[in-house]
1. Just check the range 183-249 against the gyration tensor rule for me: Cα atoms, a ≥ b ≥ c as the square roots of the eigenvalues, rounded for a/c under 1.5, and otherwise prolate or oblate depending on whether a/b exceeds b/c.
2. Residues with amide H under 5 Å of R54's amide H, sequence separation 5 or more or different chain, H placed in the peptide plane at 1.01 Å from N; which?
3. To the nearest 10 degrees, how steep is helix 244-272 against the longest Cα principal axis of the chain, on a 0 to 90 scale?
4. Going 7 Å from the Cα of K207 toward and past its Cβ, which residues in the range 166-190 have a backbone nitrogen under 17 Å from where you end up?
5. Dividing the alpha-carbon radius of gyration of the range 224-334 by 2.2 N^0.38 Å (N being the number of residues), what value is obtained?
6. Please give the length that would be gained between D64 and N46 if that part of the chain were fully extended, namely 0.36 nm times their separation in residues minus their C-alpha to C-alpha distance (nm, one decimal).
7. Straight-line reach from K314: which aspartates and glutamates fall under 15 Å, measuring Cα to Cα and dropping same-chain residues less than 8 apart?
8. How compact is the chain by the rule of thumb for globular proteins, expressed as Cα Rg over 2.2 N^0.38 Å?
Amino acid sequence: MSINNLIEDNAGLPILWIIVPCYNEESVLPITAPLFLDELKKIISNKKASDQSRVLFVNDGSKDKTWQIISDLAKEDEHYIGISQSRNRGHQNALVAGLMESVDKCDVTISIDCDGQDDINAMEKMMDEYLSGSEVVYGVRSKRDKDTAFKKFTAEFFYKLINALGGEVVFNHADYRLMSSRVVEAFESFQEVNLFLRGMIPLVGFKSSNVYYERNERMAGDSHYPLRKMMHFALDGITSLSVKPISMIIALGCFVSFLGVVGMIWAIVMNFLGATVAGWASIVCIICFLGGMQLLSIGIIGEYIGKIYLETKKRPRFIISERTWEPYKRKYKG
Ligand code: UDP
Ligand code: MG
């Protein structure tokens, strides 16, 4: 048994919470919820977690019947519980809401998407790693053969780029991970509102290991991350983790200015040699290039300023409106 368990139930087994963010998932939740429960029960019967372990669904302000389904599941089996956010705030915030809810109620958490893309059976392997002393276990995709060539290329390029810029992100790991409550508690002090969890958790530290699994297609429903949102998320990740792009702008500025000086010297020399410069086109090209560079640079700096602006507001990252174990009751019934 790991020495890291802060809370242990009577049987001396760790309490596990499986945290599942759900947004408009009415088509897939009825399929995957029993799979989560089966896996949890398997882990419990193999004496790797206490029977007080739970599957926590975090409804992220869904507009369909997701919360209704979660509430019904909670009535059906005590291992299912759920919390609901007051509105949609995005995957990362929903995950943080679940993690913060769990912090004083369990020993260990595993976060997983609710669409069955991540191999649910890898959870037991994650628990094995936890029981042998790891406090963070990253679920890592062993291959990407189910992805389109474009998705594979852009995703792998993104992981390489973010690491080259100084962010620490585990290659091919998304948000399928185990964290001990000690790690979640330490993470609580990371109060930023721009969340990119896969880059933030490595900063918390503690002993970590990887578990490899194959990622499948969604069991039902559609992805909430079309290309546009994916690009935005990637940019968010980079600007949340690294300020290197700003240093690169300075370096680029110096380089372009140097080229400008060389160009001036060249023009003066050519003038003395009597050669006239015809190039209207070359001047227009240079102006366009520099204009583009300037706009891009201002945009990158603006991206950081926007982040500072959001951070200074210190708005809450999540607001929980309901819990399956304590439904919200109106004070006045009119
Ligand atoms: N999700 C969420 N809030 C959102 C968008 C997504 O909680 O605003 C959840 C969603 O229900 C799923 C997970 O985040 O459990 C990952 O979303 P999705 O499967 O759509 O992303 P993909 O796997 O396509 O990147
Ligand atoms: Mg998915």
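1. Cα axes put the range 183-249 in the oblate bin.
2. L16, W17, I18
3. 10 degrees
4. From the range 166-190, the list is 178-184.
5. My calculation over the Cα atoms of the range 224-334 gives 1.97.
6. Full extension from D64 to N46 adds 2.9 nm.
7. Counting by Cα, and skipping residues close in sequence, K314 has these aspartates and glutamates nearby: E188, E192.
8. 1.26
Values quoted throughout were computed directly from the atomic coordinates according to the rules given, and no laboratory measurement underlies them. All values derive from a computational prediction rather than experimental measurement. Cβ coordinates were reconstructed from backbone atoms using ideal geometry, including for glycine residues, and neighbour counts include every protein chain displayed.
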